Every structure is written in C-alpha cells, then in structure tokens.
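Data first, discussion second: the structure below is written as structure tokens.
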Amino acid sequence: MNLRVNLIDEHEIRDCSVITSRFLIFVLAGLVLAVILSVLGWAFFTSQRNATALKEETWKWGRIEADFKRAQTLATRRQAIERVASDLDGWRNARISWRDELTALATAMPETLQLTDLRMMSEISVSPAAAPGAAPAKPPELSASLRLIGKTSSPTAEADVARLRDVFSAHPFTNTVDSAVIPQGAFRLDPASNAGLAGRLFEIVCTYRVKTLK
Amino acid sequence: MDFSGIKAALSLGGGFLRDVVGIDFGTTGTRAVRVSRMGGGAWSIVRVWSGPATGSGACVLPRDMRAPAGALAVSHPGIVSKLLSIPRPSNKLDDVPIAELLGITDPKAFRIAIEIQDSTAGETHALLAALPDAVARATLSAFVQGFPAPQSLEVAGLAAINGMVLSIPGNRDQGVILLDLGAETATVAIIVARKLAFARQFRIGANAIMRKLGESLGMDAETALGAVGEGIVDAEGQTGAAFEPLARQIILGRDFVSRRHNVRPGRLVVSGGLFQTPCWAEPLAAALGVEVTVWNPLAVLPAAPDAITPGLAAQGCRFAAAAGAAVAALEAKRP
C-alpha cells in the first residue's frame, strides 16, 4: 500500500547528491584546465628562466670573450714553446759534449802521433710513422761518430796507434763510446815523398752510443 | 554523462536519501519539516520551520532547512484525488480515460499521476491525483537550482495521510479512517485490512466549516474559532451542524467500504491545523461514532534535541503534510 502519488516529472527531479554530475564535470574540467595551465606555466617559466640565463651568459661571454681568445692564443704559444723546450731538453740530454771528448783525447793522445784530420759526425734518424699523419713509432735517435786521421814516423807506430785506439775503451770514453776500430787497411805506409821509411798513416773510427732524443 | 558508477563507488548519494525537507505550501502558511534517517534506519526530525503563505514555491528557506533533497506538497482547490476501481489489469490502462474518470474537463491543463494499489486480471485499484500544471510549474520554479533538490511533488492531503500511515504501523493493520482537514479541502482515506479501500478529496475545508459556524453564531469565522475552541461559547449543536457536510461525506465513504469489504472502521485519525485544539475533532467523533485520535507529527516522530521550538510544537498538526511528504520521500528511497 503506497499513498504517495508523485506528480513531479522525471526531468524535474534533480540530483540531490552533494557531488552532482555537473559538479564532477566542473571539477574534472577544472583539474584538466589546471594541469594544462600548470604545464603551460611551467613551460613559460622555464623558457623565461632559460632566456634570462642565456642573456646573463651572453653578457658574461661578451665580457670575457677577448680574454678567452687571448688565453687560447697564449695556450697555443705555450704549447709550441713547451714542445720546443722539450725538444731542446731532449737534444741537451742526447748531445755529445765534444769539448770534453776532445779535452780527454788531447790528454790521452800519444806524443808520437800527429792528427791530420779529425771529423766529428752526428746524424739524427727518425723512424717512419706507421700511418700518414701518425706519430713515429720510436722517438728520433742521435747517432754520432769520430773519425781520426793522422800520421806518425815512430818506430812503434803500430803500437802507438793501437794505444790510441784503446784510449777509447778506457775512462772517460767508456761512458760515451760504443766502439773504436781501425778500419781494414787504414794503417799503412805514408806515400808522401818526405815521409821516410818509418812514415805511416793511420785512421781510427769511433762509434758513439746511440741516444734517444726525448 | 553518467557518473552513477563513480558516485556509487565514492558513496556519494548511492541512490537513496538520508536527509529530506518536506515543504507544504498551504493556504494559511508554508511549513517545512527536515527529517533525517538516523543509524538503524529510524527517522528523526532535525528542524521545523513555519513561514507565511507566499504562494506556491515562492518561499526562501532558512539555511538550516536546506536539506539536499526536497519533498513538496501543495494545496489547491483545483486538485483532484480519488481511489478508482478500473475494470482492467494494470498493464492495459493506456486507453482508459483517466481524466474523464477524475472529472477533469481540460486534461492538458493538469498533470495526472497514478499509484496502483493492487491489480488483478479484471480490476485495478489505483490512487490518482491531478494537479493544475500551472501550480506544479510555479511550485517547482523556486527549486531549479541549489538545495533542496526536489524529489517529489504531492497533494498535501494525501501526503499528510501517507505520513499517518507510515508513522503509525497500526493504522495499516486495523480498519481506520484517516482525515486531513486543510483550509480549503479535506482528504479522507479509509484503510481496511492493509489495503486502501477509499480515498477522496472534498472541497470542504476548515475555512468553510468555520464560516458556517460563525454564521450560525452570528460572528465572523475567526471569532467563532477562538470562542468555541477555547470553550467560551457552548455551541455543540452549531458545531455539529458546521461539520455535518464533511461528516456526511465520510459516513458515505465508510458505508461504501463497509458494504464492499464487510468491515466497519472503528477509529478516526485526524490531522490539520484546526485539530491543534482537540475539541474540533469531537463533532466528527460524535457523528461517526468512532474513537478519534489527533495525529501530531511533531509529537509522534522522534526529534533531535532543540529541533522543535515550543511555539512550533504547539502547532504540530499543521505540519502533517510537510512531515508526511518528507517521510514518504525517505521511505521511497531507503537504503
């Protein structure tokens, strides 16, 4: 038994929930709008911040650009100088002190021998690079030699020449000389007319130890 | 777009009502009763409000009366309500001239609603109500947005009688005559063996009765109401005569029910502003020869502390339609 005769039309009944469909739509639309605005705001803020940072950096760069270029040039020059200095150090370390060598030779020179020619030769050998433009496989090497040519009229010429050769096997030459030899046929008669019967020509070739330029 | 699934998951509404304000746009004033469903399913009056008669739907409710849902009740001389016995099953009522059966000559000007009470293969008992569409629109126009959101629109007399039935279960089980006496109309329902056996609205209201009483006593209606109601004037005979047209209609209805159902209701339950003074029910009790009970919803329904001010409690019978509409709305959408 129901005595409730409801005269309201279906479309006149409104949703009485605290949260209505319309309210939910508004809330969802508001949320979507808020998200979109947040994203746009964040993008705008970020772009503005980046633009400000770019301006600041550009201003700073404008102030230091000349100094930077100058520093770059100086660094390039410094590198070149350091390279030259390094080469010079290498050279200084590898070079043979001919003054010391000749002083020692003068001291040890037998009195019966007369030098007529003295040749100091040095050569730098550079090993080929593995590929074009690449650095050499080994650093350059300095090889040196000393060639002594002389004459003597001493009756003990052969022994004197041998003694001179042996000088290079003793101190101080042992530090620098690798070998000293009298080439085959280099000790011979002096063909000069005024040489006499005892006159002899001799030749000694000293090979120095190879040094690396580094 | 349907959010019912989301709302149900969030328990927002859930399709049932918990808090309803019943509003009765009466001839003499606007009455509102806010009723909430407490834990355990019991109702409780939360707030009661009475305002001047401002015409249908033109009132502004106080903030504490704005429940989420609203159940509206209207009174109007043009309203027709009847219990009809239609010789058709309930699924074949489409071609029944309902408006004609209700005596309405211009069906387009009315909105008609039907509530089927019971139906067999050969007969359908239906309670019908017709309300001028202009009155319905005017009433609902004040509720197009905000709270309360209207859930129902009822005839005030039927809403009051429904309130009597819902609030006192005994009224359903025993044979009882229910009367809501408004200012301009009276609604009578007779219930027998848990069935609505008779229902009709008459254009005999408290105003007409008081006018007749006043004329017979040689005073105006308002003076007669005060003088007789307070017992200053002994006018038993004149009062019985004033109530005689209404009593006659009720007796006719009761006799009809007695013949049809072979049961004679022995109780009368009345509501309406006039019965705030119980002596006005005595002429009806005497004419019908039954026991009379005055239904005061503010006394019957449980109420929260301080929900009803003493001034309004004294006028409890006037809130029958508002309380009945609210309770019916809660019952229609109960968890």
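Bear in mind these aren't lab numbers, they're just calculated from the coordinates by the rules spelled out. This one's a predicted model, so the numbers in the text were calculated from it and none came from an experiment. All Cβ positions, glycine included, derive from the backbone under ideal geometry; neighbour counts span all protein chains shown.
Count, for each residue of A:15-26, the Cβ atoms from other chains sitting within 10 Å of its Cβ, then give me the mean as a whole number.
Details: counts 9, 16, 12, 5, 6, 6, 6, 3, 2, 6, 2, 0.
If you average over the peptide's residues, the count of other-chain Cβ atoms is 6.
As a calculated quantity, the FRET efficiency between A:Ala195 and A:Leu74 at R0 = 51 Å, using C-beta atoms, amounts to about 0.20. Each part reduced to its alpha carbon centroid, segment B:232-297 and segment B:107-182 end up 22 Å apart.
Taken as Cα centroids, segment A:53-85 and segment B:184-219 sit 109 Å apart, rounded to the nearest whole angstrom.
How long is the gain from A:Arg83 to A:Thr156 if the chain were fully straight, where each residue apart is worth 0.36 nm and the alpha carbon distance is subtracted? All intermediate terms of the calculation are to be shown ahead of the outcome.
Values: separation 73, 0.36 × 73 = 26.28 nm, distance 5.31 nm.
Length gained between A:Arg83 and A:Thr156: 21.0 nm.
Couplings 3J(HN,Hα) of segment A:64-77, computed from phi: 9, 4, 4, 4, 5, 5, 5, 5, 4, 4, 5, 5, 5, 5 Hz, in residue order, whole Hz [Karplus 6.51 cos²θ - 1.76 cosθ + 1.60, θ = phi - 60°; x for Gly and Pro]. Dipole size of segment B:172-294 about its Cα centre, with +1 on Lys/Arg Cβ and -1 on Asp/Glu Cβ: approximately 960 debye, rounded to the nearest 20. Our coupling estimate for segment A:173-187, obtained by passing each phi through the Karplus curve with A = 6.51, B = -1.76, C = 1.60 and θ = phi - 60°, is 6, 4, 6, 10, 8, 8, 7, 9, 10, 9, x, 4, x, 7, 9 Hz, Gly and Pro reported as x.
Taking only C-alpha pairs under 8 Å that are 6+ residues apart, what is the relative contact order of segment B:172-294 in percent? Can you show the working numbers first?
Values: 210 pairs, mean separation 33.1, N = 123.
Dividing the mean separation by the residue count of segment B:172-294 yields 27 percent.
Dividing the helix sum by the residues of chain A, where each DSSP H run of 4 or more adds -39500 (n - 2.57), gives a mean residue ellipticity at 222 nm of -16500 deg cm²/dmol.
Can you name the helices of chain B, as whole DSSP H runs, whose Cα span along the helix axis is 30 Å or more and whose Kyte-Doolittle mean is not below -0.5? Can you show the working numbers first?
On the way: long enough: B:236-261 (33 Å, -0.43).
Both cut-offs are met by B:236-261.
Where a ≥ b ≥ c are the square roots of the eigenvalues of the C-alpha gyration tensor, would you call chain B rounded, which needs a/c under 1.5, or, failing that, prolate if a/b is larger than b/c, or oblate? Judged from the Cα gyration tensor, chain B comes out oblate (a/c at least 1.5, b/c at or above a/b).
When you count the other C-beta atoms within 10 angstrom of each residue and take the mean per peptide, B:309-318, A:31-40 line up highest first as B:309-318, A:31-40. Per residue, the convex hull around the alpha carbon atoms of segment B:65-119 comes to 145 Å³. Counting charges near A:Val177 (Lys, Arg +1; Asp, Glu -1) among other residues having Cβ under 9 Å from its Cβ returns a value of -1. Put in order of Cβ neighbour count within 10 Å, fewest first, the listed residues A:Ser127, B:Ser152 become A:Ser127, B:Ser152. For the pair B:Met219 and B:Arg259, label points projected 7 Å from Cα toward Cβ lie 4.1 nm apart. Its residue count N sets the reference 2.2 N^0.38 Å, and the alpha-carbon radius of gyration of segment A:18-94 equals 2.65 times that reference.
Per residue of peptide B:149-157, the mean number of Cβ atoms on other chains within 10 Å of the residue Cβ is 5. When all alpha-carbon pairs of segment B:138-247 are counted, what percent fall beyond 24 Å? Percentage above 24 Å: 45.
Net charge dipole, segment A:98-212: roughly 160 debye, given to the nearest 20, about the Cα centre with Cβ charges of +1 for Lys and Arg and -1 for Asp and Glu.
Using the beta-carbon distance between A:Ile19 and B:Glu236 and R0 = 45 Å, what value does 1/(1 + (r/R0)^6) give for FRET efficiency, to the nearest 0.05?
Numbers: r = 59 Å, r/R0 = 1.32.
FRET efficiency, A:Ile19 to B:Glu236: 0.15.
Taken one residue at a time, the phi angles of segment B:29-42 give Karplus couplings (6.51, -1.76, 1.60, θ = phi - 60°) of x, 9, 10, 9, 10, 9, 10, 10, 8, 8, x, x, x, 7 Hz. Gly and Pro are set to x. Cβ-Cβ distance of A:Ala108 and A:Ala131, R₀ of 60 Å, FRET efficiency by 1/(1 + (r/R0)^6): the value works out to about 0.80. Count charges around B:Glu215 for me, please; just the other residues with Cβ under 14 Å from its Cβ, Lys/Arg as +1, Asp/Glu as -1. Summing Lys and Arg as +1 and Asp and Glu as -1 gives -1. Put a dot 7 Å past each Cα toward the Cβ at A:Leu33 and B:Thr105; how far apart are the dots in nm? The two pseudo-label positions are separated by 5.5 nm.
With contacts defined as alpha carbon pairs under 8 Å and 6 or more residues apart, what's the relative contact order of chain A in percent? About 19 percent, as a whole number.
Averaged over residues, the count of other Cβ atoms within 10 Å places the peptides B:103-116, B:76-89 in the sequence B:76-89, B:103-116, highest first.
Each of B:Val96, B:Val144, B:Val165, A:Val205 has some number of other Cβ atoms within 10 Å of its Cβ, and from fewest to most they run B:Val144, B:Val96, A:Val205, B:Val165.
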